[in-house]
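Right, one structure below, let's go through it.
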Amino acid sequence: MSRLPVDSNVFRWEPLGQPVRGTGEFRDELFTGSGESKLVERCTYPLTGIGGIFRVYADHGAFDASPGGASVVDLARGFNLDNAWRTTGLPLPVVG
């Protein structure tokens, strides 16, 4: 199970069925099988990379990650900003 804290550290770097396009990108599903967000404020697992992620591609959208937090780049059809805020519990501003 992977976790991506919004400060751009990463617990596991393993693309979901696709090659990684470039360093600093992370692909995974946004939620666990039990519905918990994998985009979290702080990682409680041992980190395998510190500050190495700048963009997260997930089944529900794309998010930028930085030491200052995560922000929404794009959301999947049917998954709106209210859904993102409610289900992740994070204050996700919109990029651009």
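The values are calculated or read from the model by the stated rules, or taken from the named source; none is laboratory data. These numbers come from a predicted model, not from an experiment. We place every Cβ from the backbone using ideal geometry, glycine too, and count neighbours over all the protein chains shown.
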Checklist entry - How about the range 34-63: which of its residues are within 14 Å of the chain's Cα centre (by Cα), on the phi > 0 side of the Ramachandran plot and surrounded by fewer than 17 Cβ atoms within 10 Å (Cβ to Cβ)? => result Gly51
Checklist entry - Regarding Ser2, is this residue of a type in the set (Ser, Thr, Tyr) and either at pLDDT below 80 or within 10 Å of the chain's Cα centre (by Cα) (or both)? => result yes
Next on the checklist: Report every pair of residues separated by at least 6 positions or lying on different chains whose Cβ atoms are under 6 Å apart, first residue within the range 20-44 and within 16 Å of Leu90 (Cα to Cα) and part of a loop (DSSP other than H, G, I, E, B), second modelled with pLDDT of 85 or more and among the small types (Gly, Ala, Ser).
Outcome noted: Leu30/Ala58
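Would you please name the residue that is surrounded by the most Cβ atoms within 10 Å (Cβ to Cβ), looking only at residues in the range 69-92 that are part of a loop (DSSP other than H, G, I, E, B) and in contact (Cβ under 8 Å) with a residue 24 or more places away in the chain?
For the range 69-92, the residue satisfying everything is Leu92.
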